[in-house]
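Okay, structure first, notes after.
The values are calculated or read from the model by the stated rules, or taken from the named source; none is laboratory data. Model, not experiment: these values are computed from the prediction. Glycine also receives a Cβ, built like all others from the backbone with ideal geometry; neighbour counts cover every protein chain displayed. Areas reflect the complete protein model, heavy atoms only, side chains present, ligands, DNA and RNA absent. Shrake-Rupley method; radii C 1.70, N 1.55, O 1.52, S 1.80 Å.
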Amino acid sequence: MDTVTLIIDEKEVKAKREATILEAALEAGIYIPTLCYYPDLIPFGACRLCIVDIEGMRGFPPACTTPATEGMVVHTNTPKLQELRRNIMELILSEHPYSCLTCPKNLNCELQRVARYIGLEKVTLPYTYKELPVNRENPFFDRDYNLCILCGRCVRVCQEVRKVGAISFTYRGSETLIGTAFNQPLQEVSCEFCGACIDACPTGALMERANKWEGLPDREVVTTCPYCGVGCQLKLGVKDERIISS
Ligand code: SF4
Ligand code: SF4
Ligand code: SF4
Ligand code: FES
């Protein structure tokens, strides 16, 4: 059999045998909050926001790294899980500037959306600000690692999808940052400025400089890229009859 049947939040769900609980839930239209998960990337299990409660299993495993198995009974949104997620989000936000109103990602930010869903009312933990200068040492991107939550999506999309590996985790422990070898500018490592890391980032840490203050597009238009013979489909964001994102 290529499928398994499990119960998620009282709903019978069929999933591919190799699917994770998160993939099974998403396929069935059941939302589980995530931040380090990104489609097509190998599960990372870093943020722990996708924890679930599985009957007969100790602890709260992450849905994004736990395989869905036959007969499993999963709860995704119990009061205990809600409390744990609020604690996890509080830890994340205790190292994240309270600067949504002046952030170029405001209203288009995955971290903001997930924090709102989790319903954290205030951060009581001591606040830590990294005080890093915004890195503009390349022609196209602004990299503000004060806003980085170390989800690793940029690093993994660069390695696993783009097969480039221009960026990685640097330093260790509380000093950990995303960066390049020997802190070189992106144009001096193997970066192709494809923008995949920008698209993958769930915060305002990585932004295209040219359009970072343009706000949200009025509409989206699907078109065909004329650059090479492959003809990939592109989704363009249009505002005031100008292309502001792709
Ligand atoms: S990255 Fe998102 S949550 Fe953080 S300041 Fe910007 S808009 Fe707010
Ligand atoms: S722009 Fe592309 S190549 Fe450069 S770091 Fe980002 S994903 Fe890697
Ligand atoms: S720069 Fe963005 S994508 Fe990369 S680790 Fe930080 S928050 Fe995640
Ligand atoms: S989305 Fe599962 S641990 Fe981050």
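Going through Leu132, Leu150 one at a time, which residue ends up being within 16 Å of ligand 4 (Cβ to nearest atom), under 22 Å from Cys47 (Cβ atoms) and open to solvent by 30 Å² or more (accessible area, probe 1.4 Å)? Break it down stepwise before answering.
Details: Leu132 fails: within 16 Å of ligand 4 (Cβ to nearest atom).
After applying the criteria, what remains is Leu150.
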Taking the stretch 187-244 and keeping residues within 16 Å of ligand 1 (Cβ to nearest atom) and of a type in the set (Gly, Ala, Ser) leaves Ala200, Gly204, Ala205, Gly215
Mind counting the residues in the stretch 193-203 that are buried (at least 19 other Cβ atoms within 10 Å of the Cβ) and either in contact with a strand residue (DSSP E or B) (Cβ under 9 Å, 6 or more places away or on another chain) or of a type in the set (S, T, N, Q) (or both)?
5
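Can you tell me which residue among Arg143, Arg136, Arg162 is basic (Lys, Arg), in contact with a strand residue (DSSP E or B) (Cβ under 9 Å, 6 or more places away or on another chain), within 13 Å of ligand 2 (Cβ to nearest atom) and over 27 Å from Thr76 (Cβ atoms)? Walk me through it before giving the result.
Values: Arg136 fails: within 13 Å of ligand 2 (Cβ to nearest atom); Arg162 fails: in contact with a strand residue (DSSP E or B) (Cβ under 9 Å, 6 or more places away or on another chain).
The unique qualifying residue is Arg143.
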Being farther than 17 Å from Val13 by Cβ and hydroxyl-bearing (Ser, Thr, Tyr) is the filter; apply it to the stretch 32-70 and report the residue that is farthest from ligand 1 (Cβ to nearest atom).
Thr65
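Please work out if Gly56 is open to solvent by 90 Å² or more (accessible area, probe 1.4 Å) and at pLDDT 95 or above. Can you show your working first?
Details: open to solvent by 90 Å² or more (accessible area, probe 1.4 Å): yes; at pLDDT 95 or above: yes.
Here the answer is yes, as Gly56 does meet what is asked.
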All positions within the stretch 71-87 that are in contact with a strand residue (DSSP E or B) (Cβ under 8 Å, 6 or more places away or on another chain) and either surrounded by 15 or more Cβ atoms within 10 Å (Cβ to Cβ) or farther than 24 Å from Ala19 by Cβ (or both):
Met72, Val74, His75, Thr76, Lys80, Leu81, Leu84, Arg85
Would a scan of the stretch 157-176 turn up a residue that is open to solvent by 80 Å² or more (accessible area, probe 1.4 Å) and of a type in the set (Ser, Thr, Tyr)?
yes
Positions within the stretch 1-45 being on the phi > 0 side of the Ramachandran plot, exposed (fewer than 14 other Cβ atoms within 10 Å of the Cβ) and modelled with pLDDT of 95 or more, in sequence order
Glu10, Gly29
For a quick check of your reading of the model, give me the residue pairs whose first member lies in the stretch 23-47 and is over 11 Å from Ala63 (Cα atoms) and more than 16 Å from ligand 3 (Cβ to nearest atom), whose second is open to solvent by 50 Å² or more (accessible area, probe 1.4 Å) and in a loop (DSSP other than H, G, I, E, B), with beta-carbon atoms closer than 7 Å and at least 6 apart or on different chains.
Ile30/Asp9
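Okay, residues lined up against (1) closer than 19 Å to Met89 by Cα; (2) in contact with a Pro (Cβ under 6 Å, 6 or more places away or on another chain); (3) of a type outside the set (S, T, N, Q):
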position: Val134; (1), (2), (3): no, no, yes
position: Pro139; (1), (2), (3): no, no, yes
position: Cys158; (1), (2), (3): no, no, yes
position: Asn183; (1), (2), (3): no, no, no
position: Ala205; (1), (2), (3): yes, no, yes
position: Glu214; (1), (2), (3): no, no, yes
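From Glu95, Glu90, which residue is more than 16 Å from the chain's Cα centre (by Cα), open to solvent by 50 Å² or more (accessible area, probe 1.4 Å) and more than 11 Å from ligand 4 (Cβ to nearest atom)? Steps first, answer last, please.
On the way: Glu90 fails: open to solvent by 50 Å² or more (accessible area, probe 1.4 Å).
The conditions single out Glu95.
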Would you be able to say whether some residue in the stretch 211-230 is open to solvent by 60 Å² or more (accessible area, probe 1.4 Å), more than 16 Å from ligand 2 (Cβ to nearest atom) and within 16 Å of Pro104 (Cα to Cα)?
yes
